[in-house]
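The values are calculated or read from the model by the stated rules, or taken from the named source; none is laboratory data. As the structure is a prediction and not an experimental result, all values here were calculated from the model. Cβ sites come from the backbone with ideal geometry, for glycine too, and all protein chains shown count toward neighbours.
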Amino acid sequence: MDYAFDGLGQSLTIRVAGRMTHADYKGFREILARISADRPASTVFDLTRVEFLDSSALGMLLIVRDAAVQNQTELVLRGASGQVAKLISVGKLHKYFTLQ
């Protein structure tokens, strides 16, 4: 998984690319740290360039969501398609995230 941060005002966008798997837990820790440090009003995960997501990555997204809730940050998943969108649907993540 490759990722980059794009902060603009009270919004933080995390642009993710590649495959999101259990092996990316260090990256998720950095994302958690950034959300906690910046405390943005909203955080957007741009999944447009993500080609694969496994169940461990879903769990890590939920951990990021818990941190966002603690920081009173709205969390948005944007641009999921194909297998990624299907897994998000099967995992019923619409209950926990705003989907765009």
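Checked against (1) part of a strand (DSSP E or B); (2) farther than 16 Å from ASP6 by Cβ; (3) touching a Phe, Trp or Tyr at 6+ places or on another chain (Cβ under 8 Å), VAL76 meets all criteria but (2). Exactly one residue out of ALA4, ALA33 is at pLDDT 95 or above and not charged (D, E, K, R): that is ALA4. Looking at the range 67-100, which of the residues that are of a type in the set (A, V, I, L, M) and over 23 Å from SER36 (Cβ atoms) is surrounded by the fewest Cβ atoms within 10 Å (Cβ to Cβ)? Looking at residues that are of a type in the set (A, V, I, L, M) and over 23 Å from SER36 (Cβ atoms), I get VAL90. The set of residues in the range 3-18 being under 23 Å from GLN83 (Cα atoms) and either surrounded by 15 or more Cβ atoms within 10 Å (Cβ to Cβ) or over 14 Å from the mean Cα position of the chain (by Cα) (or both) consists of TYR3, THR13, ILE14, ARG15, VAL16, ALA17. Pairs linking a residue in the range 22-46 that is at negative phi to a residue that is among the acidic types (Asp, Glu) and outside any helix (DSSP H, G or I), with Cβ atoms under 6 Å and 6 or more positions apart or on different chains, are SER42/GLU74.
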